[in-house]
Amino acid sequence: MGEVLDNAGLPSPPGRLVRAPLIPLAGALAAGCLLGRYLPSPVTLWMLMGVTGLIVAVLTFRKPRLRALTTGAILSAVLAVGAMRMDQTWYSVSRDDILTYTDRSKILATIRGRVASFPQIYSPGVEFGYRPEPKVVFLLEAEDILTDAGHAGKTATWRKATGLVRVSVDEPYSPHQPGERLEIQGWLGRFNPPSNPGQYDTAAAARRGGTWVWFRAPSRRCLHTIPPTDSRWTTALWRCRAMFRQHLLETGDLQSGRLLNALILGERDASLGTLNRTMQQAGVAHFLSISGLHLGVFLGFVYLLCRLLFLRPRTAAIVCLVVLGAYLFLAQARPPLLRSAIMAACLLAGVIAGRPGSSINALGLATILLLLIDPRQILQPGFQLSFTIVAGLIFLYRPMRELLFGRRLRRRGLVVFRDDQRVRRWLHFTVVNWLIDAVTLAMTCYVVAAPLAAVQFGVFSPWAIVLNLVLFPWVVAVLVPGYVAMALSWPAPNLSAAVARLAGGAADVLARIVEFFHILPGLSFSMHPVGVGWLMLCYAALIAVLFARRQPKRRILAGALIAVLAGVTVWTRLPARTRDAQLDLLAVGAGQCVVLQTPEGKTFLLDAGTRSGFDVYPRVLAPFLREMRLPAPRAAFVSHANADHYSALPDLARDTGLEMLYVCEYFQRDANPYSASRRMLEVLHAEGTTSRNLRRGDSVPLGERTRIDVLWPPVGREGLTTNDTSLVLRVTCDDRRVLVPGDLDETGQAELLKEPALLKADVLILPHHGGWEKTLPAFVEAVGPEIILVSGHREPKGPSTAKAEVREFYDSLRRKYRYYTTPRHGWIRLRFGRGGQHIQTMR
């Protein structure tokens, strides 16, 4: 019993599952994690499935005829384990987790814990509008929480708490070091889901990272250092990390030091945000994440150094394994680094044991270990890209090499050189082999990663292959002296500083090269949302092309898949269309951003800005246009010269261009040449935008069925405040009207009330974000809307000293009208025209 024979009576060769038994197990575990996330089921069901699979596997293990059943049972048991682990980490927390002390509203609390990350200073680079003060952000491992403080009849008590907390301090200060214990007073709350379609989901990202709650301290005086409780070894480890980090940061200027720190230790500073975004657009952002490339350079350098010192391969592998362990203690343990470290450890263990290593099994082992530790990692884009690229290199490198250079390599074998032509032979074989390997590696990584990057980030970069080859030698020039400097920092600090300056200089050159990427035409293209089906179609077409070779049937299949892929991709690029006009009111906090799409498919903006301290275009408007498959706006109407109504336009003009800007004639009345409104106009004019002044009585046709009429302001009116110069626009589609009055205050409202017939509309966006004015009730009554919309950062309710009739007015809005606000409902979509009026909201 036991040996499987073929038709000739000889033992069958082992199949792929026998040579790489960990790959099916890793695939089953990954599938279980995904099922546990997207198909939540009772844990008892998964447990029953796992136990059944194990029993079947044990009963059939020694029966060769039932080998397929045994394999299926084992895989089903592993799948059940993955689903249970995901359910445990994604849908449940421990009883004393700090999440259990919060609900949807924020609470005052005092927490104690240990700093678990290097604090970073975030300084939002807002170009126009309100610029918030820099803040310090770090992770805290919670230990205790002071609860029930301030509640009548309850005594404040310290309770045990666990879990990670994202702490932000609204005041820059000299940050604490990781490992220090702190007591902090402030506000505790949960992360909110996105308020607009396409917007980055901070809550889901924090959940994937194991951080469920945030904590905000208004001042550094709310932080107090308390005595440590960690062991001496833990304290020494944190101090060692801090020493190496500071040593790298002091290399060269501020940017090169932080870039070197990111490449060597994996810590991405917030100040590298612009560099990181550029590298993402160029398809080379993986250089900033410690992965197989960095670890390969590092361990390859160590191994070469050992061999130059005449150490045997086994001894050199032992040294590399020890160095790898030490490096893992110093660097940030992210999934790409852990995956690379596990695979490298497996290969080094093979060298030590004198047995050939298996990169396929090493990849499977890395997948299994990381998913068992934290199954949420499978939802991280970094995890997906890292493992997909490595799997692509393992399985597709040879077919790609054959496809690109197979004919040349076969012809090259016929070339013969004389003995005196050693240089030509070296160039013809060795150097060309290096170039072929580099191009094949870059091409394989590109075609494997590009579809996944398009799905995760919505970006496609045609320059990625070339730019990867350009940056690779400079990355190596940074890594090698950087690792040497880190190794010499304690025994020879002066020599280490000299070597580190070489690494810092190379890092500076690397950063300057990246800055020049913007001059490349078509550096990246924004992709409309594509699903998992499109991703699978891309990989199916790729595999079909690589393995088609000379077989006609395979070539026909590859051509058919490519044709289908091209058709689906073109279809995803088509803009969305609507039968009636469509008005989207985006939730941008203290500001207003309205996207108007006509039935003909044209897109316009009616204000686009905020004063809530962030850039509207990259964080809200651009993701929304991509998610909803809307074309870039052709024109923008800005009501008045306050930045919370136009701060997004400069970024929009630089990215996609803006043909026309409509403003009132009072927009440029500020004589200060450095005013924000004048600077905004200069930026737009430099980008080729034409501006036009509007006045009362003007009408702008937007299509056959849609137009905008200007009701305010009149010409030559003196003494108006900035808010009272707001354009009051009436958008008409067929027989339906929407009134958009900007930030019109009491004076403007009183003037328009003299002609109430002009104000009649079906939908009203409350003026000035719903702020109270004495004329507001009469203004709303004159408009006579069925639907009222409000854009703001909180529910309008009048001033705190308002009389009872003011509060009654706001309460009556909810009773008398269909009333929607962005603080409560998030994004609001209004469809209006021949088909009537329909509302859709984010929540």
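Cα axis of helix 67-90 to longest principal axis of the chain: angle in degrees, 0 to 90, nearest 10? Once rounded, the angle reads 40 degrees.
Using C-alpha pairs under 8 Å with a sequence gap of at least 6, the mean separation divided by the residue count of the chain gives a relative contact order of 9 percent. Ranked from largest to smallest solvent-accessible area, with a 1.4 Å probe on the protein heavy atoms, 536, 527 come out as 536, 527. Spatial offset of the stretch 627-649 relative to the stretch 683-727 amounts to 14 Å, using the alpha carbon center of each.
Convex hull of alpha carbon positions in the stretch 729-812: directionally averaged projected area 5.5 nm².
Mind checking the per residue accessible area of the chain for me, 1.4 Å probe, whole number of Å²?
Details: 41560 Å² over 843 residues.
With the other protein chains kept in place, the chain gives 49 Å² per residue.
Would you calculate a helix-derived [θ] at 222 nm for the chain, using -39,500 (n - 2.57) for each DSSP H run of n ≥ 4 and dividing by the full residue count, to the nearest 500? Calculated at 222 nm, the ellipticity per residue is -15000 deg cm²/dmol. Couplings 3J(HN,Hα) of the stretch 701-718, computed from phi: x, 9, x, 5, 10, 10, 8, 10, 9, 9, 9, 6, x, x, 7, x, 7, 9 Hz, in residue order, whole Hz [Karplus 6.51 cos²θ - 1.76 cosθ + 1.60, θ = phi - 60°; x for Gly and Pro].
Sequence-ordered 3J(HN,Hα) estimates for the stretch 581-593 from the Karplus curve with 6.51, -1.76 and 1.60 and θ = phi - 60° stand at 5, 9, 10, 10, 9, 7, 7, 10, x, 7, x, 8, 8 Hz, glycine and proline given as x. When the Cα positions of 802, 26, 749 are compared along the charge dipole of the chain, 26 comes out farthest toward the positive end, with charges on each C-beta of Lys, Arg, Asp and Glu. Between the helical axis of 359-373 and the longest alpha-carbon principal axis of the chain there is an angle of about 50 degrees. Counting only Cβ charges, +1 for Lys and Arg and -1 for Asp and Glu, the dipole size of the chain around its Cα centre is about 3600 debye.
From the alpha carbon centroid of the stretch 498-529 to that of the stretch 27-100 is 44 Å. Quick one: how many lysine pairs in the chain have C-alpha atoms under 17 angstrom apart, if they're 8 or more apart or on different chains? Step by step, the pairs that qualify in the chain add up to 5. Calculated FRET efficiency, residue 416 to residue 44, Cβ-Cβ distance, R0 = 56 Å: about 0.20 to the nearest 0.05. Comparing Cα centroids, the stretch 243-305 and the stretch 591-609 end up 41 angstrom apart. Here the chain exposes an accessible surface that is 59 percent carbon and sulfur, computed with a 1.4 Å probe and the other protein chains kept in place.
Segment residue 750..residue 818, full-extension length gain: 22.0 nm, with 0.36 nm per residue of separation and the alpha-carbon distance subtracted. The share of alpha-carbon pairs in the chain lying farther apart than 52 Å comes to 26%. By a 1.4 Å probe calculation restricted to protein chains, residue 753 has an accessible surface near 50 Å², given to the nearest 10.
In the chain, the longest principal axis of the Cα atoms and the axis of helix 313-330 are about 20 degrees apart.
The values are calculated or read from the model by the stated rules, or taken from the named source; none is laboratory data. Please read these numbers as outputs of a predicted model, since none were measured by experiment. So basically every Cβ, Gly included, is an ideal-geometry build from the backbone, and we count neighbours across all protein chains shown. Just so you know, the surface numbers come from the protein's heavy atoms only, side chains and all, with ligands and any DNA or RNA stripped out. Shrake-Rupley method; radii C 1.70, N 1.55, O 1.52, S 1.80 Å.
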